[in-house]
1. Who wins for biggest fluctuation among LEU193, LEU78, LEU225 in a Gaussian network model of the chain, springs between alpha carbons below 10 Å?
2. Connecting C-alpha atoms closer than 10 Å in a GNM of the chain, tell me which of PHE214, PHE337, PHE321 has the biggest fluctuation.
3. Work out, step by step, the length gained on full extension between LEU318 and ASP345: first 0.36 nm times the residue separation, then minus their alpha carbon distance; give nm to one decimal.
4. Suppose only helical runs count, i.e. DSSP H with n ≥ 4. What mean residue ellipticity at 222 nm does that imply for the chain under -39500 (n - 2.57) per run, divided by all residues and rounded to the nearest 500 deg cm²/dmol?
5. What's the FRET efficiency of VAL282 with PHE133 using the Cβ-Cβ distance as r and R₀ = 35 Å, to the nearest 0.05?
6. Based on the alpha-carbon gyration tensor of the stretch 57-158 and its eigenvalue square roots a ≥ b ≥ c, which shape applies: rounded if a/c is under 1.5, prolate if not and a/b is larger than b/c, or oblate?
7. Mean-square fluctuation check for the chain, GNM, Cα pairs under 10 Å: which of GLU187, GLU327, GLU306 is largest?
8. Contour minus end-to-end for LEU107 and ALA269, with contour as 0.36 nm per residue of separation and end-to-end as the Cα-Cα distance?
Amino acid sequence: MEFPFPTAAVSEGAANLLVPDVPRRKGPGTAGPWPFYNPTMAMNRDLSAIVLAKWPHPLGSLLDGLAATGAWGIRIALEVGAKHVAFNDRSRDATRLIRENLRRNRLTADVHTGDLSGYLVEPRYDFVDVDPFGPPAPFLRAAFSAAKASSGIGITATDTAVLCGTYPKACEKRYGARPLRSAQGAEIGLRILLGYCHGLAAERGRRVRPILSFSAEHFLRVHVLVEPGSASDSIGHVVRVGAGRFIAASGADRGATGPLWLGPLGDPAVMRRLQPSAWSSVVSARLLSLLKAECEMPPFFVTTDELAAGERLPPPKLDRFIGGLREIGYRATRTHFHPRGVKTDAPPQDIVRMFRALSPTGSTGDSGPAS
Ligand SMILES: C[S@@+](CC[C@H](N)C(=O)[O-])C[C@H]1O[C@@H](n2cnc3c(N)ncnc32)[C@H](O)[C@@H]1O
């Protein structure tokens, strides 16, 4: 098949793909004249294949809603064994390329050319993937309206500067929530996105159950199950009261962050069963292992940067600090959100005492729990 742009054959996961052979920048993609392919998003697709392989509901039919080259849907068909993956993109060049890529991978599928929101007029799919350039918000109302009684939605957001606090006014306008530019900005951004999903589900008498959510490089990603029922106690505002410390606040408080999803970012029972596949990259496997380790920890985390600044002491090695907290009986783990972040259920006074005790120039006194 001939295309009006240069092409290159690549392999990603189990898929062999023909993609536009155009110069690529690192980071988020922007719309260009040719169908979009970003190899750095392979990690996103790796994690989708991993979680959909253990999805808690049958996946009779799936839609790669903003499919570009079809990379996501083709990988899901090949790696998860999903029998009915359909593809949609409004670009005719993209849907021609998707047909070629299906042929190369010996797959057959419905391929639709058109606007995603216009296409999602009735509940047809058990899972819809929404992976746009930038904000997913314009597509989500349609995706939630077209959700079956229990169906899944995968959402990628690359508008991280908005969700994670660099542009708070844009976040209020787009997601109706106040973000917070801070070490915890990515976790807050992810929770704002889930809170927004919760609102769309609640408008339809449904609730969202996050199955796997994470932040990576330049994007946020959630996989949610939309189910009948309500879960309003998972939404709230918080205010920052110290290093990595957030407490519940009223939405009327002008300094409050939110509304946010304050429930779990994933389903621990599902997450415990997730395994990297033969096609997952080392980076994806490492991310999965961090996500599994932190999935039952409370929201938010503290960084040794914040503690070092507050205590005016050099930080201990992260593993030593985490080990110290565990030795005195608390749960503590690294977090994928920040290279120097620690999720723990230790109270603030014991976090600070352990930090001081283990700081290379700190006190070596008793590091047992504060009474
Ligand atoms: C970031 S790319 C998708 C990348 C793809 N999911 C992947 O994994 O490689 C976004 C795609 O959405 C398509 N698109 C943008 N607006 C659309 C709309 N309103 N309806 C359908 N497709 C749209 C673009 O043509 C583009 O191919």
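Just so you know, all these numbers are worked out from the coordinates, no wet-lab data involved. Nothing here was measured: the structure is a model prediction, and the numbers come from that model. With ideal geometry, Cβ positions are generated from the backbone for all residues, glycine too; neighbour counts draw on all protein chains shown.
1. Result: LEU78 has the largest fluctuation of those listed.
2. With Cα springs under 10 Å in the chain, the top fluctuation among PHE214, PHE337, PHE321 is at PHE321.
3. Details: separation 27, 0.36 × 27 = 9.72 nm, distance 1.61 nm.
Length gained, LEU318 through ASP345: 8.1 nm.
4. Calculated at 222 nm, the ellipticity per residue is -9500 deg cm²/dmol.
5. 0.80
6. Verdict is oblate for the stretch 57-158.
7. GLU327
8. 55.1 nm
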